[in-house]
Amino acid sequence: MGKVKLYLIRHGETYLNHYQKMQGWADSPLTEAGKTVAIETGKKLANTSFERVYTSDLGRTVETAEILIGQNKHSDQLAIRKLKEFRELFFGSFEGEYNEVAWSKIAKENGYSDNVEMMRNQPIEKVVDSLHKADPLQDAETFAAFSERVEKGLEIIMAERKKEDENILLVSHGVVIMHLLHKFAEEPIDPIEIRNSSITHIEYTEEKYKVISYNQ
């Protein structure tokens, strides 16, 4: 049985990241600092030969992927496949709000002093659903809807497999990567922020996913 190695990269820092604002389906370009860090990540992966490259359909992941490919020594035939399934969680009417304002509201409505305390005491599915419930317009995505589409994206990747052994580059988003970590890690993962342009390595073999490393 072959092995698929998934290299999950969070997009580079964007202007909304820099301004400390909620950025789910909202989009903004990479900052100059974001581009610089993405280049460094690309250099780390320069000697890895990828069979396929995937991103979400949001510009910040595509921009990051183009930078990564530009650093790769085996990139001649690499084309980017955009899948909406790998979009970030939709924050509803919180999109564009300051992180501190939105997360303080959500945490307090759930009896916590701040989002750090909430995330240390609640599984990711409850945090996501708490965000949905706190959204005054109830437009924020539920965990059920979010997880269903992300896992559908993984199914698409595996269905497009052409070789027993493949290296796959997937540029996506913080909550997407966090969800996959919590789903597939054999041991509990402390609440962490997935850093911009960080590398998370997950392997798929014998119909099972295994987390090798994260936030590298």
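Coordinate-derived values only; no laboratory data. Nothing here was measured: the structure is a model prediction, and the numbers come from that model. Methodologically, a virtual Cβ is constructed for each residue, glycine included, from the backbone with ideal geometry; neighbour enumeration extends over all protein chains shown.
Here is how the numbers come out for the structure above:
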quantity: Among Glu95, Glu206, Glu155: highest mean-square fluctuation, GNM of the chain, C-alpha pairs under 10 Å; calculated: Glu206
quantity: Ranked packing of 167-178, 59-70, most packed first, by mean Cβ within 10 Å; calculated: 167-178, 59-70
quantity: Where a label projected 7 Å from the Cα of Lys84 along Cα→Cβ would reach, residues of segment 22-61 with amide N under 20 Å; calculated: 23-28, 54-61
quantity: Kirkwood-Stokes translational diffusion coefficient of the chain, alpha-carbon pairs, 20 °C, 1.002 mPa s, µm²/s; calculated: 121 µm²/s
quantity: Euclidean distance of C-alpha centroids, segment 1-37 and segment 64-133, integer Å; calculated: 10 Å
quantity: Dipole of the chain [Lys/Arg +1, Asp/Glu -1 at C-beta], most positive-end residue of Ala140, Ala26, Tyr209; calculated: Tyr209
quantity: Label-point separation in nm, Thr205 to Lys162, each point 7 Å along Cα→Cβ; calculated: 2.4 nm
quantity: Where labels lie 7 Å past Cα in the beta-carbon direction, separation of Glu66 and Asp114 in nm; calculated: 3.7 nm
quantity: Whole-percent pair-distance distribution, where bins are 10 Å wide, for the alpha carbons of segment 99-203; calculated: 12, 40, 33, 12, 3
quantity: Distribution of pairwise C-alpha distances over segment 1-53, 5 Å bins, in %; calculated: 4, 17, 21, 18, 16, 12, 7, 3, 1, 0
quantity: Sparse-neighbourhood loop sites, trypsin sites (Lys or Arg not before Pro) in segment 104-166 - DSSP loop, at most 15 other Cβ within 10 angstrom; calculated: Arg161, Lys162, Lys163
quantity: The chain, helix-only ellipticity at 222 nm - DSSP H runs n ≥ 4, -39,500 (n - 2.57), divided by all residues, nearest 500; calculated: -12000 deg cm²/dmol
quantity: P(r) of segment 47-128 over all Cα-Cα pairs, binned every 10 Å from zero, in whole percent; calculated: 15, 31, 22, 22, 9, 0
